Amino acid sequence: HYGVREHAMGAAMVGMARHGDICAVGGTFFVFADYMRPAIRLAALCSAPCVFVFSHDSVAVGADGPTHQPVEHLASLRAMPGLEVIRPADANETAAAWAIATQSTGPVAMILSRQDITVVTDGSAVHTGAGIVIDVPDPAVILIGTGAEVSVCVDAATALNDKGVATRVVSMPSWERFSDCDPSEQATILTPGVPTVSVEAGVSFGWERWSDRHIGIDRFGASAPGGEVLERLGISVEAVTTAVEDVLGHA
């Protein structure tokens with residue numbers, strides 16, 4: 001009933017949420033968060049408990065091309081005070097994110113993918129903001145992924161472990177929640193002194209807080225099938241393993 005009007009949709013959601021007794025939820029492609037931004041900002045400013053569901057969250061959108069492929073949007077929403085941004089890795093994390101969103105006293109942005117995703121987590125990482133998906137004794141490197149890229153990290157870890165490189169995989173669906181964790185709890189997930197490599201199909205801006213090397217997309221996308229765009233722009237198992245070998249070679 002909103003029509004193709006993201007700003008109006010967001011504004012109506014804020015009004016309904018502030019009125020009370022309603023769960024205000026709206027959904028659109030992630031790239032169109034740009035049209036909706038003033039309403040999202042208003043929700044954050046006045047703590048309106050809205051759930052902004054954004055699908056088609058990366059260059060995996062594919063042939064619609066760069067105009068419809070969000071790259072800078074995650075960083076821009078993470079920069080907004082009062083907005084919780086959750087990018088689930090799979091169905092289990094999405095269910096956990098939804099449970100959190102419906103109980104939140106402020107706005108939540110759920111960032112979801114278009115493509116099929118392998119279930120690789122138990123969903124628990126959402127509650128603390130980050131959690132271990134694959135662990136090994138005395139890891140030589142830690143891969144940190146969000147959203148669909150967690151499964152890329154899992155596949156890369158398999159390849160690295162087969163080569164004798166002990167690799168831990170961490171899913172980090174929420175920077176805000178992980179930032180609020182006690183430093184001692186953070187250290188159990190991101191062990192101090194162990195090199196970290198982040199993998200996210202968006203700009204690498206901000207990842208210097210959590211990782212030593214950032215695999216991201218610091219340019220606009222391309223018009224091609226989603227899997228091909230991801231591969232060409234460096235979101236692949238090969239790119240991850242190469243980056244890890246380079247990081248360890250300079251450690």
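The values are calculated or read from the model by the stated rules, or taken from the named source; none is laboratory data. Remember, it's a predicted structure, so these values are computed and weren't measured experimentally. Neighbour counts run over all protein chains shown; Cβ positions are idealised from the backbone, glycine included. Accessible surface is based on the protein model in full, side chains and every heavy atom, while ligands, DNA and RNA are left aside. Shrake-Rupley method; radii C 1.70, N 1.55, O 1.52, S 1.80 Å.
Descriptive notes on the structure:
- In order along segment 203-217, phi translates into HN-Hα couplings of 4, 7, 3, x, 6, 4, 5, 10, 9, 7, 10, 10, 9, x, 10 Hz, rounded to whole numbers, per the Karplus curve 6.51 cos²θ - 1.76 cosθ + 1.60 with θ = phi - 60° and x for Gly and Pro.
- The residues of the chain expose on average 44 square angstrom of accessible surface per residue, using a 1.4 Å probe on protein heavy atoms.
- Segment 148-231 - percent of accessible surface contributed by carbon and sulfur, probe 1.4 Å: 53
- Cβ-derived FRET efficiency at R0 35 Å, ASP21 paired with THR242, nearest 0.05: 0.05
- Label corresponding to Cα extents along the principal axes in Å when calculated from the structure given, among (i) 65, 41, 34; (ii) 57, 43, 27; (iii) 50, 44, 38: (ii)
- Among GLY227, GLY164, GLY145, residue whose mean-square fluctuation peaks in a GNM of the chain (springs only between Cα atoms under 10 Å): GLY164
- Phi to ³J(HN,Hα) by Karplus 6.51 cos²θ - 1.76 cosθ + 1.60 over segment 124-139, Hz, x for Gly, Pro: 5, 4, 4, 5, 9, x, 7, x, 7, 9, 10, 10, 9, x, 6, x
- Working from Cα pairs under 8 Å separated by at least six residues, relative contact order for the chain is 19 percent.
- Apportionment of accessible area to carbon and sulfur, segment 1-127, percent (1.4 Å): 56
- Extension gain from ALA63 to ARG219, taking 0.36 nm per residue of separation minus the Cα-Cα distance: 54.5 nm
- Rounded accessible area of SER76 (nearest 10 Å², 1.4 Å probe): 40
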